[in-house]
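The structure appears below as C-alpha cells.
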Amino acid sequence: MEKKRIWRSVLVFLLFLFSILYVLPTVLPEGAVPKWYPFTKRLNFGLDLKGGLELRYTVDYKKAILENSRDLMFRLQDYLVRESKQKEPGDEVLKEELDAVRSKVTFTVPSFDTVRIETTDETLRGFITTEAVEDKIDPRYTLIEQDGAILLKMRALDVERIKKEVVDQTLSIIRKRVEAFGLVEPDVRMSGDSDIDVQLPGVSKEQMEVVRERIGQTARLTFRIVDSKSDFFADVKQDLEAFRQQSPEKGKTVEIAKFGDRYQARSEKKSNLVAFIHFLQKERKLPDDHVAGYYFVEEDEGGRVVKSYYRTEYLFAAVRVSGDHLARSGVFYKDSGEPYVSLTFTGQGATLFEEVTGEHVGDYLAIMLDDDINSAPVIKEVIAGGQASITLGGNRSASELLGEAQSLVTVLTHGAYKAPVHKIQDHEVGPSLGKDAIDAGVLSFVVGALAVLLFMGIYYRVAGIIANLALAMNMVFIVAILVAFNSALTLPGLAGLVLTLGMAVDANVIIYERIREELRAGKTARVAIETGYSKSFWTIFDSQLTTALAGVILMNFTTGPVYGFAVTLLVGIVCSVFTALYVTKLFYQWMLDRKLIKETVSI
C-alpha cells in the first residue's frame with residue numbers, strides 16, 4: 001500500500017511540475033521565453049479583457065429556401081412539357097413548348113417555401129399529383145389543394161434541414177475567413193438557431209475594417225489550373241528564412257518540404273501559412289499571374305490520424321469558370337459501384353468549361369472555395385455538353401471514396417447557396433477598457449485569494465496550510481487546462497476563478513469539520529482522517545454536480561463572456577474535486593506514514 005501511495009504522490013508532483021512549466025509562458029512577458037523552451041502556448045484573453053471587435057450576423061436561410069422554390073417553379077414547367085409531349089429524359093425542351101405551358105398555367109411563389117399553380121387546363125392539372133411530386137418533381141414538397149389552386153409546400157422537416165445546412169455552411173465559411181487573417185485567436189460560434197457570433201480580441205482599428213469587409217463577402221467557388229510545371233516553392237527557401245527572422249513565432253511552424261516531384265510550404269496553422277504567402281507577395285516574389293491555394297492534409301496510420309497540417313499549391317490566377325456557372329452537383333455511382341461527383345453547368349458555364357478543359361488536357365484542375373482547395377483531379381479529356389464528372393482516385397475503400405465525394409458535393413453546394421448574411425451587431429471594445437477590466441479582475445482575485453488563504457491558515461492551522469497548498473495546485477491546474485484547450489479567459493471567467501476558490505475551500509471545510517467530529521468522538525487520528533474523507537465524499541460530489549449542471553446549461557445556451565464563465569467554472573469544479581478529495585488526502589497519508597501525525601491532528 002505504501003508503495004502505491006509513493007507512486008501516486010510522485011505522479012501528482014510530476015503533474016503539478018508539468019503544469020507549472022506549461023503555464024510559464026503565460027506568466028512571463030512576451031518574448032521572455034527562450035527559443036529552446038518546449039512550451040510556447042499562452043493563455044488567451046477574451047474580448048472584454050483584451051479589447052477588440054464583436055460582430056453578430058444573422059443568416060437569411062429563407063432566401064436559400066426561396067431559391068429552391070423558384071427553381072422548383074421552373075422545373076415544374078419543364079416537367080409539364082415533357083409529360084404533355086411524352087418526351088424521353090434526354091430530349092430537348094424547346095422555348096416554344098415552355099411558352100405554351102406558361103400561357104395555360106400560372107406559377108407564383110407566395111411564400112419562401114411554397115409554389116402556387118393555377119390552371120384551367122385539366123390535362124395539365126392532371127399531371128401534378130401527389131405521386132408525381134414524390135417520384136418525379138421534388139419529394140421535399142407536399143401537395144395541397146386550396147381554392148381551386150394547387151400548392152406545393154416544403155415539408156417542415158426539410159425546411160429545418162435546409163436551414164441547418166445553410167447556417168452550418170455559413171458558420172464554416174466565416175470561421176475559415178476569420179482564421180485566414182492570422183491576426184488573432186478568433187472565437188466564432190452559433191448564437192441561437194440562425195445567428196453567428198464573431199469575437200476578435202486584440203485587433204486594431206485598421207484590422208477591424210478589413211475583417212468587416214472580408215466577412216461580408218460571399219464565399220466564392222472557383223476552378224483554377226495547377227501550375228505543375230513550376231517548382232515555385234523550391235526557389236523561395238531563402239525567403240522563408242527571411243520570414244522567420246521577421247515573424248519568429250509564425251515562421252517556426254512553416255517549412256518547405258517535397259510532395260511528389262515538387263516542393264510546397266506547409267504548417268499546422270493555416271494563418272501562419274497565409275502570413276508567409278502575404279510576405280512573399282509583399283516582397284514581390286509571388287508573380288501576379290499566380291496564386292497560392294491551401295490543402296488541408298490528414299495523415300493516418302491504421303485508420304487513426306497521426307498528423308494534420310495545411311500545405312500550399314501553386315496555381316494560375318486566371319478564373320474562367322466559377323460557382324456562378326454551376327447549376328447543380330450530386331454523388332452518383334459507376335457500374336462498378338465506385339462513387340463519382342457529377343457537375344451540371346449553365347449554358348455559359350458549359351461553353352467555358354469545354355474551352356478550359358480542352359486547353360488543359362493532362363493538367364490538374366483545382367476546385368476551390370475561397371483559397372481552400374477541396375480537390376484537384378486530372379483533366380483526362382475535353383469535357384463538353386454542360387456535364388462533367390470528377391473521379392476520385394487512390395487506393396482507398398468505397399466508404400472513403402464516398403466520404404470524399406460527399407464532402408466535395410458539400411463544398412460545391414456551399415458555393416451555390418445564396419443565403420444573405422446580415423450584420424445585426426457591431427461592437428468595439430477599446431484596449432483601455434480591457435486594461436481597466438483586467439486590473440479590476442486581478443485585484444478582486446488577489447483580494448479573494450488572500451482572504452481565503454489567511455482564514456484557512458488561522459482557523460485550521462496545519463490543515464489550513466495543506467488546504468492552501470492544494471488550492472495553489474488547483475489554480476495552476478485550471479490555468480494549464482485553459483491554455484491547453486485554447487480557452488479565452490473573460491472577465492466573468494475571472495469571476496469563475498474567484499468562485500472556484502470558494503468552492504475548493506468549501507470542500508475542504510466539509511472534510512475538516514467531519515474530521516473534527518470524529519476526533520471529538522474519540523477516534524484515532526488515522527481513523528478520523530479516513531472516516532472524514534469517506535463520509536464527506538458524496539456531500540461534496542452532490543454539491544459540485546449540481547453546480548456543474550448549471551455550468552453545462554450556461555455553456556450550451558450562451559455566448560461571449562458568460563460562456564467564458566461557464567468554461568472556467570466547469571474546469572474549476574473538476575480541479576477542485578481532485579485537489580480537495582485526492583491531493584489533500586495524499587498529504588495526510590504521507591504525514592501519517594512518517595509519524596508526523598500521532599495522536600491528534602492540527603485542525
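The values are calculated or read from the model by the stated rules, or taken from the named source; none is laboratory data. Not measured: the values here are computed from a predicted model. Here Cβ is always computed from backbone atoms with ideal geometry, including for glycine, and neighbour counts include all displayed protein chains.
Things to note:
- Taken together, the residues in segment 239-262 that are of a type outside the set (Phe, Trp, Tyr), within 16 Å of THR312 (Cα to Cα) and outside any helix (DSSP H, G or I) amount to 9.
- Just one residue in the set LYS285, LYS269, LYS229 is under 30 Å from PHE353 (Cα atoms) and among the basic types (Lys, Arg); that residue is LYS229.
- Residue in segment 193-209 that is farthest from ASP426 (Cα to Cα), counting only those that are modelled with pLDDT of 80 or more and in a loop (DSSP other than H, G, I, E, B): ASP193
- The requirement of being part of a helix (DSSP H, G or I), closer than 22 Å to ASP371 by Cα and among the basic types (Lys, Arg) is satisfied by ARG212.
- Residues that are part of a strand (DSSP E or B) and either modelled with pLDDT under 75 or over 23 Å from TYR294 (Cα atoms) (or both) within segment 375-397 comprise GLN387, ALA388, SER389, ILE390, THR391, listed in sequence order.
- Evaluating GLY302 against the criteria (1) loosely packed, with under 13 Cβ neighbours inside 10 Å; (2) modelled with pLDDT of 85 or more; (3) of a type outside the set (D, E, K, R) leaves one unmet condition, (2).
- Flag if ILE529 is part of a loop (DSSP other than H, G, I, E, B) and under 23 Å from LEU469 (Cα atoms): no
- Number of the condition not met by THR546 [criteria: (1) touching a helix residue (DSSP H, G or I) at 6+ places or on another chain (Cβ under 9 Å); (2) over 28 Å from ARG42 (Cα atoms); (3) of a type in the set (S, T, N, Q)]: (1)
- Hits in segment 256-284 (condition: among the hydroxyl-bearing types (Ser, Thr, Tyr) and either surrounded by fewer than 21 Cβ atoms within 10 Å (Cβ to Cβ) or within 14 Å of ASP239 (Cα to Cα) (or both)): TYR263, SER271
- Failed item in (1) without any contact (Cβ under 8 Å) to a residue 60 or more places away in the chain; (2) under 20 Å from VAL159 (Cβ atoms); (3) surrounded by 14 or more Cβ atoms within 10 Å (Cβ to Cβ); (4) under 42 Å from the mean Cα position of the chain (by Cα), with ILE137 passing the rest: (1)
Let's see how each residue does on (1) in contact with a Leu (Cβ under 9 Å, 6 or more places away or on another chain); (2) without any contact (Cβ under 8 Å) to a residue 40 or more places away in the chain:
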site	(1), (2)
ARG516	no, no
LEU519	no, no
GLY522	no, yes
ALA528	yes, no
PHE541	yes, yes
GLN544	no, no
LEU549	no, yes
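- The residues of segment 1-28 that are among the β-branched types (Val, Ile, Thr) and under 30 Å from PHE45 (Cα atoms), listed by number, are VAL12, ILE20, VAL23, THR26, VAL27.
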